[in-house]
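A short write-up of the structure that comes next.
The values are calculated or read from the model by the stated rules, or taken from the named source; none is laboratory data. Bear in mind the structure is a predicted one, so any value in this text is a computation, not a measurement. All Cβ positions, glycine included, derive from the backbone under ideal geometry; neighbour counts span all protein chains shown.
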Amino acid sequence: MNDIMNATDIAFPHLGIYLEHVPKTFSVFGFPIAYYGVIIGIGILMGLLVAARTAKLTGQDPDLYWDFAIYAIIFSIIGARIYFVAFSWDEYKNNLLSIFNTRGGGLAIYGGVIAAFITLVVYARCKKANMLQMADTGVMGLVVGQFIGRYGNFMNREAFGEYTDNLLAMRLPIEAVRARDISENIASHIVEGTNYIQVHPTFLYESLWNIFLFIIMVLYHRHKKFQGEIMLLYLGGYGLGRMWIEGFRTDQLLWGNTGVPVSQALAVCMVIFAVVVDIAVRIHLGKTDVTIKTDEK
């Protein structure tokens, strides 16, 4: 490949993959639409289909999940935006109206997930549904939506990691990425006479991890011992993956001036929470010698 890349090119040189003219947007009647939004939309739809299918297979009413989705999507977008703005406050404090400009980017998956869980608690109570059973079913769709949605980051040339020369190394034209995402380490590896950076494709790492996690969740679902166990498997599994993947990224949201990545710290908490609760419930079940009924086929 030439040392000069076009602004719309993306390459994985060690895999022999060179993608030319990969656009960020397309136009409908003169109105630009971001592929990021389309891919997120596809991820949401596929996640809902998986959740509805899982509900049907476990003797639940799929319509319960389609109804829940209306509220979950709205509040998840709000939550994702609040999370991002809260930990990037310096970018917004002098222009509060920019907080509402989501087309300019700035949605954090953790904020969306947290908002979705809060919405689920309220929704399940209002519908007098089993919240833990809904959580077990919902996370099946959630992880599917996440591994699809990460390709929106690919189209946006964002959420990448530090410099690497490993097998999956990705090259992006400098002009196609945000200047603030190019760390000193990445900049120091830019070869003279070239116009690209070479980085960890963390979007791909997380997508592959989520596919692996989904397979584990599917295989274990029929063998769960109590309601909420698949939710714990998701929290622990996703947290474990995000814990190390987040360490590569150059666009980390940090806890104030501590230098600690918020998402990495939250991932650690998720893993600890999932393990502790799972062990505690299993000990309780062992003492009572009773398995909590799942009420599933």
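Here are a few things to note about the model shown:
- Figure legend. Inter-residue proximity from segment 174-190: first residues without any contact (Cβ under 8 Å) to a residue 60 or more places away in the chain, second residues among the hydroxyl-bearing types (Ser, Thr, Tyr), beta-carbon distance below 7 Å, spacing 6+ or different chains. Indicated pairs: Ile174/Tyr196; Asn185/Tyr163; His189/Tyr163.
- Total residues in segment 100-131, condition assigned to a helix (DSSP H, G or I), more than 21 Å from the chain's Cα centre (by Cα) and among the aliphatic types (A, V, I, L, M): 3
- Check on Leu204, without any contact (Cβ under 8 Å) to a residue 60 or more places away in the chain, surrounded by 21 or more Cβ atoms within 10 Å (Cβ to Cβ) and either in a helix (DSSP H, G or I) or not aromatic (Phe, Trp, Tyr) (or both): no
- Flag if Gly112 is under 26 Å from Leu254 (Cβ atoms) and in contact with a strand residue (DSSP E or B) (Cβ under 9 Å, 6 or more places away or on another chain): no
- Cβ pairs under 7 Å, 6+ apart, first in segment 73-84 and of a type in the set (S, T, N, Q), second surrounded by 19 or more Cβ atoms within 10 Å (Cβ to Cβ): Ser76/Gly112; Ser76/Ala115; Ser76/Ala116
- The single condition from (1) surrounded by 15 or more Cβ atoms within 10 Å (Cβ to Cβ); (2) modelled with pLDDT under 90; (3) part of a helix (DSSP H, G or I) that Gln252 fails is (3).
- Single residue of segment 132-178 satisfying the filter (part of a loop (DSSP other than H, G, I, E, B) and charged (D, E, K, R)) that is surrounded by the most Cβ atoms within 10 Å (Cβ to Cβ): Arg157
- Residue list for segment 244-261, restricted to those being of a type in the set (A, V, I, L, M, F, W, C) and within 21 Å of Asn185 (Cα to Cα): Trp244, Ile245, Phe248, Leu253, Leu254, Val260
- Subset of segment 27-44 that is among the aliphatic types (A, V, I, L, M) and surrounded by 15 or more Cβ atoms within 10 Å (Cβ to Cβ) - its residue that is farthest from Val218 (Cα to Cα): Ala34
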